[in-house]
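The values are calculated or read from the model by the stated rules, or taken from the named source; none is laboratory data. Predicted model only: the values in this text are computed from it and were never measured. When we count neighbours, we look across all protein chains shown, and the Cβ atoms used for this are built from the backbone with ideal geometry, even at glycine. Just so you know, the surface numbers come from the protein's heavy atoms only, side chains and all, with ligands and any DNA or RNA stripped out. Shrake-Rupley method; radii C 1.70, N 1.55, O 1.52, S 1.80 Å.
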Amino acid sequence: MAPIVHGLEAEYTDKIKFVYLDLDDRANTDTLSFLGFKYQPHFFLVDGQGNILQQWLGPVSVEDLRTAFDTYIQ
């Protein structure tokens, strides 16, 4: 999934802020709990107010991610 996500990050660099949470960093425990993180890969599309707009659990296609991004980008 990393090549897909990094490719999308480069494509949407001016429109979406990509944040990667280190699962081994205890400082991220509250954020992971708030999001309802289950296991890797687990992706979240979150708006500027912290609302989860969409999430994917498990592998996801570049087309599905791109469609969701384009739906929510103003």
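For the range 51-74, what are the residues that are among the polar types (S, T, N, Q) and exposed (fewer than 14 other Cβ atoms within 10 Å of the Cβ)? Break it down stepwise before answering.
From the range 51-74, those among the polar types (S, T, N, Q) are 51, 54-55, 61, 67, 71, 74; that's our starting set.
The answer is ASN51, SER61, THR67, THR71, GLN74.
Pairs under 6 Å by beta carbon, first residue open to solvent by 60 Å² or more (accessible area, probe 1.4 Å) in the range 1-17, partner part of a loop (DSSP other than H, G, I, E, B), six or more apart or different chains?
MET1/PRO41; LYS15/ILE73
Scan the range 41-50 for residues that are at pLDDT below 95 and open to solvent by 60 Å² or more (accessible area, probe 1.4 Å) and report the count.
Number of matching residues: 2.
Those residues that are closer than 19 Å to TYR72 by Cα and in a loop (DSSP other than H, G, I, E, B), I need them from the range 35-49; list them, please.
Hits for the range 35-49 are ASP47, GLY48, GLN49.
If VAL60 satisfies every condition in (1) part of a helix (DSSP H, G or I); (2) free of Cβ contacts under 8 Å to residues at least 60 places away in the same chain but one, which is the exception?
Just one mismatch for VAL60, condition (1).
Taking the residues in the range 18-34 that are over 25 Å from LEU65 (Cα atoms) and assigned to a loop (DSSP other than H, G, I, E, B) as candidates, determine which candidate is most open to solvent (accessible area, probe 1.4 Å).
Among those that are over 25 Å from LEU65 (Cα atoms) and assigned to a loop (DSSP other than H, G, I, E, B), it is ASP24.
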